[in-house]
Every structure is written in C-alpha cells, then in structure tokens.
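The values are calculated or read from the model by the stated rules, or taken from the named source; none is laboratory data. Owing to the predicted nature of the structure, the values given are computational and were not obtained by experimental measurement. Please note: Cβ atoms are built from the backbone with ideal geometry, for glycine as well, and neighbour counts cover all protein chains shown. All accessible areas refer to the heavy atoms of the entire protein, side chains included, with ligands and DNA or RNA removed. Shrake-Rupley method; radii C 1.70, N 1.55, O 1.52, S 1.80 Å.
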Amino acid sequence: MCHYQKEPPADIASILKQLPRPKRAVVTAGMPYANGPIHLGHLAGAHLPADIFSRWMTMLIGRENVLFVNGTDDHGSTSEVAAIQAGVTIREFIGKIHDQQKATLKCYSIGVDVYTGTSRQECFPIHKEIAHEFIRKLYKNEMLEKRASLQWYDPNLNRFLPDRYVKGKCPNTKCDNESAYSDECDRCGSQYEPSRLINPRSTLSDAVPVMKETVHWWLNMWKVSEILCVWLQGKTEWRKPVLAEVLGTVLPSIRFEATHEAAYKEIKASLPKHKPRYAHGKKIALQFESKEDMAIGQAALQKIGVTSELVDEWAHRSITRDVSWGIPLPADLDLDMAGKTLYVWPDSLIAPISFTKVALKESGRDPERFVDFWKNPDARVYQFLGQDNVFFYVIMQGAMWLGTQDDPMHLPRAGEYQLTEVFGCYHLLVNGEKMSKSRGNFYTGDQLLDEKSYSADQIRYFLATLSLPEKASNFDFATLDERNKFLAGPMNAAFEKPISAAHSKFGGRIPQGVLLEKIEAETLQIVRRYTKAMARADYSNLLGAVENYARLINSLFTQYKPHDDRFPEDERRNALYSAFYVLKNLMIMLWPFVPETMERLCESLRLNHGDHGIFCIDELGKPIPAGHEIGPKGSYFPAVPPIAPTKPPGL
C-alpha cells in the first residue's frame, strides 16, 4: 500500500483554517511569593512568556474567550517570616508587596485579567471553598494518608516550626554557611534531613528547637501513577526537558544494591522491557513501563536472591502544616487535623481556579462559568513556570485533579477538572551568574525601567529572544543594547520607510498595486512558521525569522525605490503596496511581544485595534486596501544612547 505525505497548505487562509482553536483558554504564570518585588527572573521565566501566549490566544480565539489570571502566593512560612522581619502584620506586609507587584506587571504590559492573592478579601472565601472541595474528595477517594513524623518545635513559644523558621550551620563539610535552612542550604545547594542541621536555632525566638512528633496528611500519588503515565505519554508535543523529568519520575521503578549488578545482567534479557541506570547510594534502578511489568521484574530478581525496593518517595508528599497562616482544614474529617492548614504547594496549585472565579466576577460574568474554562474538554489551561517547579504543576497537580473525580482511575471527562498544558523555563543568569544581591547582579523589574531607563518593550523583546525553555540563559546589558540598536535601526526603518514614502509620493494613501510574488511566497513561509512556533511558545527561534521578514521592506526600498520619482511608477506602486502588506503582517506578529510599540504603529496606519480587532490571526495575509489613508509617522522603538568612551588609565 502506498502512503502519500499530506501536502502543506498552499495559501495563508488554509494554514489559518487548520489551526487548532480551543473554545476557551486560561493562561497562568508561576505565582510570586508575597515577600518581595517582581524581579527579572520572574519576568523572563513566567510572566512575560505567559503574557505573550495569552495575546497569541487572544489573536486565535478572541479576547472574550481568554482569561489570563495570576496573583500573589500569600500563605505559608515565607510570607510570615518576611512580615516578622519587617516588624509589621502579615496583612499589612502582603498588601504592600501585592500592590508593588501589580504595578510592576502593569508597567511591563503584562495584561492579566486579574492580579489578586490567595489571602485577599475578594479571593480567600472562594479559595477556601474550592480547597475544601479538593480535600474532601481526596479524602473520600482514599488519597490522603495520615502519617506521623518529627518536626522542629520551639519550646519557648510552644509551637511547631516550619523548615524556614529554623536555621543553623550547613552539614556539608565543604560549606561554611551558618544560616542554612533546616532542610537545604541556599549557598551550596545541599539538601538534607533536618536532624543533620548543626547548631539549629529558631528564627522566631532564638531558642534551640527540638524534634517533636506531629501528624499530617500525605497525598498518595502512587494510586494514580499509571493514569498519569497514560496522560504524559500522549504529550509528545511538550518541551523535552519537562516531559523527560516527569515521565522519568512517574514510570514505575525499583532499585537494588549495585553489588548485585552481575546477577541482574544474567537475567536482564528475560525481564520485561525496562531502562537501567545507576542510582544514588551505590544502587541500580530499573524503570518499567507498567506496574505489572515492574512486579514481574521484581519477582524475577527476588528469585535469584536480589532484594529490591520500590522507588516511590516522590509519590507521597505531606500536604498539611502546623502553621496558622494558611487555609484551615475542614474540621469534621479528622480530629487530629484540628488547627492545621493546607501546605502552600497544593494551596498554590488550586489558586488559579479561584483566580478564574474572581476574574469572572470582576468582569460582570457568572463566577460559576469557571467550569467552561476548567472542566471543558474543548478548553485548555496553559501554565508557565520555572523548570524546578515542574514536579508540582504536573505530577502533584495531576494527581490532585484526578483525585477530585468520582473515580480517579481514568483520565478526566467532561465536567471534571481537565489536566493542564505545562511550559517550563530554566533559570535566568545575569552576567553569567545566578542572580544575587551580594554579587550585585540582582535586578527588579522596576530598576530596569526607572534606574536603567529602558522601555518595557525593549526588555520584553530581549527576554523573548533568550532560550530559557531549553537551558539556563544569560542576560547581559551589552547584548541587550546590541539588540536594542537593531530595533531602533533596521526594525524602525521597516516601520518608517513605507509611511514616509506614502506621504511624500502617494498623497498619504496606500497606492494601487499588485502584491509581488516573492513577498507572497515569503509571507506564506513566515505565517506557517509563526503559527507553529507560537502554539509551542517557542519564541527565541521565531523572532529571528520575523526579523528577516521585516528586512524584506528594506530590500523593497533598495531594489524598487518607491520613494524616488526617477524609477518606474508601476514598480514603485507594487513595491510600496507590498511593503505595507509586509508591515501589517509584521505588526500583527510582533504585537504579543511588544504590544505598546505595535499599538502605536497601528495608530500610524490608522487601523482599528479597539478590543484588539486588527490583532487577530485571521488578519494575516490580508492587504491594507488601496486608497486607505495613512496617519503620520510615530515614535516606535527608542534610540540607544551612545556609550561614552572609557578614559584610558594613566591619562
């Protein structure tokens, strides 16, 4: 039988017609803690890529069908400790931080429908209700296990202490940090059992804390691990680092002492399909494709005297805490849970649902319409976050979502919480190093605008060119300035030349003309590439192609001279008509990245962008009609001031 490869669409309208378009879309970004300002890493790794994608979805399905929601992650010990250190109440501290963060995001044109917070008056009652609904359903489905564990306790204050409330000397012999947290050191990166911390002290009272037994609910993710595997194995379009991490975690695995390696190799070929790897602690881990295969493999190893253990530490996480600042647990489920609160991670995973209801209410819509966005198989939820938080947003969240179903042992159906699309980003480096106030390379979003005098669109564009979805990427001011020179030079020229020529030679109107074949062909290629890249949120590679498309305008002026009466008029008309065709497409494609600048360009072209009308994917490939009146040339990307020469030493 012959199989013929399907030909790609041969025209722009066909490309656009074939685009997958969800009926509704929610876009979220990783929530910042309510303990400090929005910094450059927040913008690069979460808020900006989410805003670009939200605008892409607006172009695709209309603004009324898209909700971009976010807010502060208020609860937990981080905010509480910061407030204590600042000498103010938690509510006062969080309120001030929230307002600062909201203002910063507005300065960068991060177009959220709502920026609220998990403890705020407009959100907390909604959030508590949804959180309790989750807890009750997880409890009913036997996905909450009560476990006893040891935790730090302050004998002076008679209260349990979260990990961040205890500091001491890092147990890593190669590290001299005297203020390491009780479970990890932020200087050397070591993670350890709290009992290994040297000379622990309570950050609240300076007392020497003791270990005391307490009970908590632990989420059992192992129960739904095979359903998670089925879901993730279908996500072949996800970013490779995200998919590799989560699949590598949830696929069933066992481990045994490496001293048994020779015995294992003798029966390796007879075991069900699996992947071996060397594991921590001089052990070998075997990863299977199903729990059934794992059980067969484990039995075969046991038969030859190789005892193995399940690799399931990831699948059991405590989701409650002994702190007062959080969502209280339902009082009627278990008396042992009285006075405890929901851990900040499940709290923050549920939060975007609550934020959606707040956004709907504030826009005059029925908050119960949140089901159209979260429980509709024809809708999608897109989440942008740091790569180090992928476990929580994919595995823990996926297990929690499944656990709210009447039967958690199947993928979600209509009317149940739909599993989300997750986009991970690696850390942003500044001048080649991790951001740090002590190194002098820590920048807040406000500093770049107020002290460094960059425009928001200059920063937005540059951050979008970085390869954070694939690897840690560097921000440095020299490269930023070089990119801004391109925007202020060749890119501005592509905007300005057609407008100037229309006013100087064609009465300020689009001339009658014919679209040049080369321009039509190049546009088909860029639209095909643009739509694929935007759907994957692959911005860095795309922008290089968009820049090359912009250069077509300058090449039209070089070749056909539409601004010069000495050249043939028909060729000049066709070239300028084609230049405006490119310019309109360019304006639409760049709008998600540099919205303020493109809206100014839109005003110069006198095209309607009210309610984002012209910024619609279906406007690509449609020329501005001949005779359309053009407005005056505006101010687009700002010029980059020349760097003063450095005076040589000794002169």
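Couple of notes before you dig in:
- Candidate set: region 509-545, residues that are more than 30 Å from A50 (Cα to Cα) and assigned to a helix (DSSP H, G or I); chosen: the one most open to solvent (accessible area, probe 1.4 Å): E517
- The sole residue among N484, N441 that is farther than 24 Å from L543 by Cα, open to solvent by less than 40 Å² (accessible area, probe 1.4 Å) and not β-branched (V, I, T) is N441.
- For S79, the criteria (1) open to solvent by 40 Å² or more (accessible area, probe 1.4 Å); (2) closer than 30 Å to I395 by Cα; (3) within 23 Å of the chain's Cα centre (by Cα) hold in every case but one, which is (1).
- Residue in region 407-454 that is nearest to K223 (Cα to Cα), counting only those that are hydrophobic (A, V, I, L, M, F, W, C), out of contact with any strand residue (DSSP E or B) (no Cβ under 9 Å at 6 or more places or on another chain) and not in a loop (DSSP other than H, G, I, E, B): L448
- Of the numbered criteria (1) closer than 18 Å to V27 by Cβ; (2) surrounded by fewer than 20 Cβ atoms within 10 Å (Cβ to Cβ), the one F355 fails is (2).
- Residue match in region 452-465 (condition: open to solvent by 30 Å² or more (accessible area, probe 1.4 Å), at pLDDT below 95 and over 15 Å from H47 (Cβ atoms)): yes
- Set P194, P241, P209: member being modelled with pLDDT of 95 or more, under 36 Å from the mean Cα position of the chain (by Cα) and not basic (K, R): P241
- Considering region 612-628, the residues that are in a helix (DSSP H, G or I) and at pLDDT 95 or above include one that is nearest to L542 (Cα to Cα), namely I617.
- Considered as a group, the residues in region 212-238 that are of a type in the set (A, V, I, L, M) and crowded, with 18+ Cβ neighbours inside 10 Å include one that is nearest to the chain's Cα centre (by Cα), and that residue is L232.
- Residue in region 299-309 that is under 34 Å from the mean Cα position of the chain (by Cα) and hydrophobic (A, V, I, L, M, F, W, C) present: no
- If only residues of region 37-57 that are open to solvent by 10 Å² or more (accessible area, probe 1.4 Å) and not in a helix (DSSP H, G or I) are counted, the one that is farthest from M589 (Cα to Cα) is P37.
Residues checked against (1) modelled with pLDDT of 95 or more; (2) open to solvent by 30 Å² or more (accessible area, probe 1.4 Å):
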{"position": "N548", "(1), (2)": "yes, yes"}
{"position": "L552", "(1), (2)": "yes, no"}
{"position": "F557", "(1), (2)": "yes, no"}
{"position": "L576", "(1), (2)": "yes, no"}
{"position": "M589", "(1), (2)": "yes, no"}
{"position": "P592", "(1), (2)": "yes, no"}
{"position": "P595", "(1), (2)": "yes, no"}
{"position": "C602", "(1), (2)": "yes, no"}
{"position": "G610", "(1), (2)": "no, yes"}
